[in-house]
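Here the structure comes first, spelled out in structure tokens, and everything after it is commentary.
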Amino acid sequence: MKNRRLVLPLAVLSALALAGCGLLPGGGSKTRTVNLWLMRDSVSDDFLQRFTESFEAEHDGVELKVTIQDWTGIGKKVTEAIKGPGGPDVIEVGNTQVAQYADTDKLYDLTLESVRDLGSEDWLPGLAEPGSIDGAQYGIPWYAANRIVIYNKDLFADAGVKPPATRQEWLRTTEKLDEAGGQGIYLAGQDWYTLSGFIWDEGGELAVDRGGRWTGALDSPAALRGMDFYKRLQSLGEGPKNADEQNPPQAEVFARGDVAQIIATPSALPVITKANPALKDKLGFFPIPGKKAGQPCAVFTGGSDLIIPDNAPERSAALEVVKALAGEKWQTELARAMNYVPNKTSLASVVAGQEATATMAVGAARGRATPNSPQWADVEADNPIKPYMTAVLSGEDPKQAAQDASERITDGLAE
């Protein structure tokens, strides 16, 4: 676009200035409505009310209209909205969903704001990386959650063990716990998010981008080492080899009181304590151990990013909403209200008084996300990683099973 210099008479310039201040007859300030889509249970009613009142008080002439959306079917709904004539101004999306929406070429590029206004150099990698496509930042990190180890303090004390510092120590600790009579750990055979962390910790990947072509990578030596560790750990309990952590719900299994550990997000805590209130003061937490002491394992980071569609009717006001939600004040408020990890490593201290959330924040510093391909959702829809894990845990050849799963991933990521 060529730059054009407009020369206007002084009278016209004066009129424009007065109109901008709402001082011309009939030129009163017009209220701008920013439509914001948020996902169900992402925020509390109290947080939303406080944010809305504060934002509108600080931005004269702007009002927020918030619509709560359900996760089920949201992909199609967002895609239709961003391709339409002018839908919502700001949308909360899952951090791993940004790529599929960016692939439509219908998202506003927020790279400038990321660097200039939002301190992108300090963002959690598990939120920032999936929001960046081909060097452009389309998703602004909002909040994160990741897995930690939840353990039964009484069972640890009975076995004479303490939270481990390394993965090898973790195996020895879990073996002692398993020998004590209960389950050393309940780890379902198809918990592929946990497996992903072990693979990343070994330097492997689920899939790699080779010059624009994504290929499965479960058969790399590093990825195979991650699977081998998973197998050794999983054997120290009675988790099913052919089901994931929701079948049966692992929090309910842990609540029985004879399981020493599970790997879960803190969202499992209310489920546990509701099923067995006696466990309320017996729960402890530690980050998933890494290969070296002082360096927790890489973990899958779930959570949300904020996007602005190209067709946003109130883009300038939408940018102010995103800056506020992603800024220090409201990040602190959100983290404390909802037990989330804030979007920056430098803000981890704001949840220091919340033990489980603080533990989660330690792991989040080494967070990762699934491969940043628009087609990754297609892979998850018929996830080949799950049957691969069952095959290995059931005694099949790990290399061959990994090769078969990698081929299916490659096919799923083909455009």
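The values are calculated or read from the model by the stated rules, or taken from the named source; none is laboratory data. In this text, all values refer to a predicted model and were calculated from it rather than measured experimentally. Every residue, glycine among them, receives a Cβ derived from its backbone with ideal geometry; neighbour counts consider all protein chains shown. With ligands, DNA and RNA removed, areas are computed over all heavy atoms of the protein, side chains included. Shrake-Rupley method; radii C 1.70, N 1.55, O 1.52, S 1.80 Å.
General observations
- Condition check for Thr104: open to solvent by 20 Å² or more (accessible area, probe 1.4 Å), touching a helix residue (DSSP H, G or I) at 6+ places or on another chain (Cβ under 7 Å) and either at pLDDT below 95 or more than 21 Å from Leu48 (Cα to Cα) (or both): yes
- One residue from Ala128, Ala136 being surrounded by 24 or more Cβ atoms within 10 Å (Cβ to Cβ) and either in contact with a Ser or Thr (Cβ under 7 Å, 6 or more places away or on another chain) or closer than 30 Å to Ile91 by Cα (or both): Ala128
- Search result, residues across the stretch 156-166 that are crowded, with 19+ Cβ neighbours inside 10 Å and touching a residue at least 40 places away in the same chain (Cβ under 8 Å): Phe156, Ala159
- Asn311 being assigned to a loop (DSSP other than H, G, I, E, B) and within 23 Å of Asn146 (Cα to Cα): no
- Those residues of the stretch 272-330 which are among the hydroxyl-bearing types (Ser, Thr, Tyr) and closer than 29 Å to Arg366 by Cα, in sequence order: Thr273, Thr301, Ser304
- Cross-chain or 6+ apart pairs with Cβ under 6 Å, the stretch 169-192 first and assigned to a helix (DSSP H, G or I), then of a type in the set (Val, Ile, Thr): Thr173/Val161; Thr174/Ile185; Lys176/Val161; Trp192/Ile385
- Asn152 being closer than 23 Å to Ala223 by Cβ and either hydrophobic (A, V, I, L, M, F, W, C) or touching a residue at least 60 places away in the same chain (Cβ under 8 Å) (or both): no
- Taken across the stretch 373-385, residues that are within 28 Å of Val208 (Cα to Cα), at pLDDT below 95, in contact with a Leu (Cβ under 9 Å, 6 or more places away or on another chain) and acidic (Asp, Glu) do occur, with at least one present.
- Test result for Lys65, open to solvent by 40 Å² or more (accessible area, probe 1.4 Å), modelled with pLDDT of 95 or more, closer than 17 Å to Ala318 by Cα and over 24 Å from the mean Cα position of the chain (by Cα): yes
- Matching option when the condition is free of Cβ contacts under 8 Å to residues at least 24 places away in the same chain, open to solvent by less than 50 Å² (accessible area, probe 1.4 Å) and more than 20 Å from Ile263 (Cα to Cα), among Ala222, Ala217: Ala222
- Subset of the stretch 262-295 that is in a loop (DSSP other than H, G, I, E, B) and surrounded by fewer than 22 Cβ atoms within 10 Å (Cβ to Cβ) - its residue that is nearest to the chain's Cα centre (by Cα): Thr265
- Any pair with Cβ under 8 angstrom, 6 or more apart, that starts in the stretch 239-250 at a residue that is aliphatic (A, V, I, L, M) and ends at one that is part of a loop (DSSP other than H, G, I, E, B): Ala243/Ala188; Ala243/Gly189; Ala243/Gln190
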